[in-house]
Amino acid sequence: MKALVYDGPSSISWREVPDPSILAPTDAIVRIETTTICGTDLHILKGDVPTVEAGRILGHEGVGIVTEIGAAVAGIAVGDQVIISCISACGTCGYCLDGMYSHCLADEGSSGIGWILGHLIDGTQAEYVRVPFAGTSLHRVPEGVTAEDAAMISDILPTGHEIGVRYGAVEPGDVVAVIGAGPVGLAAMTTAALYGPSRVIAVDIDANRVEQAKRFGASDGVLSSDADWKDQVLALTDGLGVDVAIEAVGVPATWDMCLAIVRPGGHVANVGVHGKPVSFPLETAWIQNLTITTGLVNTDTSRMLIKLLAQGRLAVNGFISHHFALDDILSAYDTFGRAAETKALKVILTA
Ligand SMILES: NC(=O)c1ccc[n+]([C@@H]2O[C@H](COP(=O)([O-])OP(=O)(O)OC[C@H]3O[C@@H](n4cnc5c(N)ncnc54)[C@H](O)[C@@H]3O)[C@@H](O)[C@H]2O)c1
Ligand SMILES: [Zn+2]
Ligand SMILES: [Zn+2]
């Protein structure tokens, strides 16, 4: 089969590789219909995620058809159209039983890390993928939902919802700022609406993304390149700062921005994958009664989000900006990697 292989920082190729096969009785093989590229894949390309070894097939999102299942797979059958979760969950370890699938203790990839696809084992940017723990890591696509909309459940919607909105503890009436209006930040904005914030402020360095954010429930937008961006944000609050600042970029500057705009007693929810150290000025922050959260998506809310999607209650089709054939994935990386110029959000690859 053909697959997108990571050959080391800044180097990827679309080439012939061996077909995957069932290695454990809980595995399934899925023929990819639709996959997409994540901001995390760009971090991998930059060398920010050194645990990804050369030779790895990237990708942790997608929808496809089950072509083969191991003897112990329950609940999923050959021929099912399924959403592949970015987190592989064995379903039986202590973390899985607590719903914290992100730290699944099973031996696949590395015990204690649930994000293994396109990271520690081969991923979804390929014609076929082996999915471990298929019974607990695949979700059937509901009737009436397109494959490309369903692919937004693999990662971005649960990530924005769980690590941004739920960890940030968004409550009715809150003023929420989301720094970074990429797909993950937009997913946080879309799902924040489920909790009734009074304002959702989109902050980005890219004017196009600030503008696009209005389609995902942002009430206000602030361009972070404006010298007075902070004053603009504070003017949208009672002057004390935002209740919840969600970091959805993954660079030190945007982490600092969150600390600069959060009110005393507020929450900073870091979603971004950071490749460099950030500073935390505890000497001034200690007195602010802040709650700081961070983490890897659990995907424990995916089934709930699928229900909302099936009912047309989540605005998802706006996420998709570009379509490519799967074997044109290098062009898709180029387009997604130059989002400020190309206005790309989610790029969809179709087999
Ligand atoms: N925690 C998790 O489980 C998890 C899961 C998926 C993705 N992520 C991470 O979430 C982050 C966002 O992912 P994405 O796919 O939306 O990425 P993306 O690259 O598409 O979006 C990032 C956005 O940040 C903006 N930006 C960059 N520098 C900025 C600055 N200095 N000030 C303001 N805005 C700036 C960009 O213009 C862009 O709109 C990434 O770091 C990704 O790795 C985390
Ligand atoms: Zn991702
Ligand atoms: Zn587990």
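The values are calculated or read from the model by the stated rules, or taken from the named source; none is laboratory data. Please read all numbers here as calculations on a predicted model, not as lab measurements. Glycine also receives a Cβ, built like all others from the backbone with ideal geometry; neighbour counts cover every protein chain displayed.
So which residues in the range 121-159 are in a strand (DSSP E or B) and among the aliphatic types (A, V, I, L, M), if there are any at all?
Here is the first cut: in the range 121-159, the residues in a strand (DSSP E or B) are 121, 126, 128-131, 138-140.
If the condition is that a residue be in a strand (DSSP E or B) and among the aliphatic types (A, V, I, L, M), then I121, A126, V129, V131, L138 are the ones that fit.
Please determine, by comparing only the residues of the range 228-252 that are touching a helix residue (DSSP H, G or I) at 6+ places or on another chain (Cβ under 6 Å), part of a strand (DSSP E or B) and of a type outside the set (G, A, S), which one is surrounded by the fewest Cβ atoms within 10 Å (Cβ to Cβ).
The residue in question is V242.
Sort through T51, T26 and tell me the only one that's assigned to a loop (DSSP other than H, G, I, E, B), away from ligand 1 (no atom under 14 Å from the Cβ) and among the hydroxyl-bearing types (S, T, Y).
After applying the criteria, what remains is T26.
Looking at the range 95-127 only, could you name the residues that are at positive phi, within 16 Å of ligand 2 (Cβ to nearest atom) and modelled with pLDDT of 95 or more?
Within the range 95-127, G118 is the sole residue that qualifies.
Can you tell me which residue within the range 171-185, out of those that are more than 7 Å from ligand 1 (Cβ to nearest atom) and buried (at least 24 other Cβ atoms within 10 Å of the Cβ), is nearest to S88 (Cα to Cα)? Quick ask: steps written out before the conclusion?
As a first pass, look at the range 171-185 and keep what is more than 7 Å from ligand 1 (Cβ to nearest atom): 171-178.
From what's left, buried (at least 24 other Cβ atoms within 10 Å of the Cβ): 175-178.
Working: V175: 34, V176: 30, A177: 30, V178: 27 Å.
Only one residue tops the list, namely V178.
Would you be able to say whether some residue in the range 40-56 is away from ligand 2 (no atom under 16 Å from the Cβ), buried (at least 18 other Cβ atoms within 10 Å of the Cβ) and of a type outside the set (A, V, I, L, M, F, W, C)?
no
Kindly list, by first and then second residue, each pair from a residue in the range 248-266 that is of a type in the set (F, W, Y) to a residue that is near ligand 1 (Cβ under 9 Å from one of its atoms), limited to pairs with Cβ atoms under 6 Å and residues at least 6 apart or on different chains.
W255/E247
Which condition breaks for A260 when tested against (1) buried (at least 18 other Cβ atoms within 10 Å of the Cβ); (2) part of a helix (DSSP H, G or I); (3) among the aliphatic types (A, V, I, L, M)?
Among (1) buried (at least 18 other Cβ atoms within 10 Å of the Cβ); (2) part of a helix (DSSP H, G or I); (3) among the aliphatic types (A, V, I, L, M), A260 violates only (1).
Between a first residue in the range 283-299 that is under 13 Å from G272 (Cβ atoms) and in contact (Cβ under 8 Å) with a residue 12 or more places away in the chain and a second residue that is assigned to a loop (DSSP other than H, G, I, E, B) and small (G, A, S), which pairs have beta carbons less than 8 Å apart while being 6 or more apart in sequence or on different chains?
Within 8 Å, the pairs are T293/G168; L296/G114.
Taking A202, is it of a type outside the set (D, E), under 16 Å from M152 (Cβ atoms), more than 9 Å from ligand 1 (Cβ to nearest atom) and more than 16 Å from the chain's Cα centre (by Cα)? Before the answer, list the steps.
On the way: of a type outside the set (D, E): yes; under 16 Å from M152 (Cβ atoms): no; more than 9 Å from ligand 1 (Cβ to nearest atom): yes; more than 16 Å from the chain's Cα centre (by Cα): yes.
Criteria not met by A202.
Could you count how many residues in the range 206-220 are surrounded by fewer than 23 Cβ atoms within 10 Å (Cβ to Cβ) and in contact (Cβ under 8 Å) with a residue 40 or more places away in the chain?
Of the residues in the range 206-220, the ones surrounded by fewer than 23 Cβ atoms within 10 Å (Cβ to Cβ) are 206-208, 210-212, 214-215, 217, 219-220.
Checking the rest, the ones that are also in contact (Cβ under 8 Å) with a residue 40 or more places away in the chain come to 206, 208, 212, 215, 217.
So the answer is 5.
Take the residues of the range 318-351 that are in a strand (DSSP E or B), within 17 Å of the chain's Cα centre (by Cα) and not small (G, A, S): which is surrounded by the fewest Cβ atoms within 10 Å (Cβ to Cβ)?
Here the residue is I320.
Among the numbered conditions (1) surrounded by 13 or more Cβ atoms within 10 Å (Cβ to Cβ); (2) in a loop (DSSP other than H, G, I, E, B); (3) not hydrophobic (A, V, I, L, M, F, W, C), tell me where K276 comes up short.
Result: K276 passes all but (1).
If I go through the range 181-205 residue by residue, how many of them are outside any helix (DSSP H, G or I), more than 12 Å from L345 (Cα to Cα) and not hydrophobic (A, V, I, L, M, F, W, C)?
5
Could we say that G168 is within 15 Å of ligand 1 (Cβ to nearest atom) and assigned to a loop (DSSP other than H, G, I, E, B) here?
yes
To keep it simple, each residue is scored yes or no on (1) touching a helix residue (DSSP H, G or I) at 6+ places or on another chain (Cβ under 6 Å); (2) assigned by TED's automatic domain parsing to the domain that holds H43.
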| site | (1), (2) |
| --- | --- |
| G144 | no, yes |
| V165 | yes, no |
| P172 | no, no |
| V175 | no, no |
| V178 | yes, no |
| P183 | yes, no |
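Being part of a strand (DSSP E or B) and more than 19 Å from L23 (Cα to Cα) is the filter; apply it to the range 65-94 and report the residue that is farthest from ligand 2 (Cβ to nearest atom).
Here the residue is Q81.
When only residues in the range 85-103 that are within 19 Å of R130 (Cβ to Cβ) and not polar (S, T, N, Q) count, which is farthest from ligand 3 (Cβ to nearest atom)?
C86
Does the range 173-181 contain any residue that is within 19 Å of the chain's Cα centre (by Cα) and within 16 Å of ligand 3 (Cβ to nearest atom)?
no
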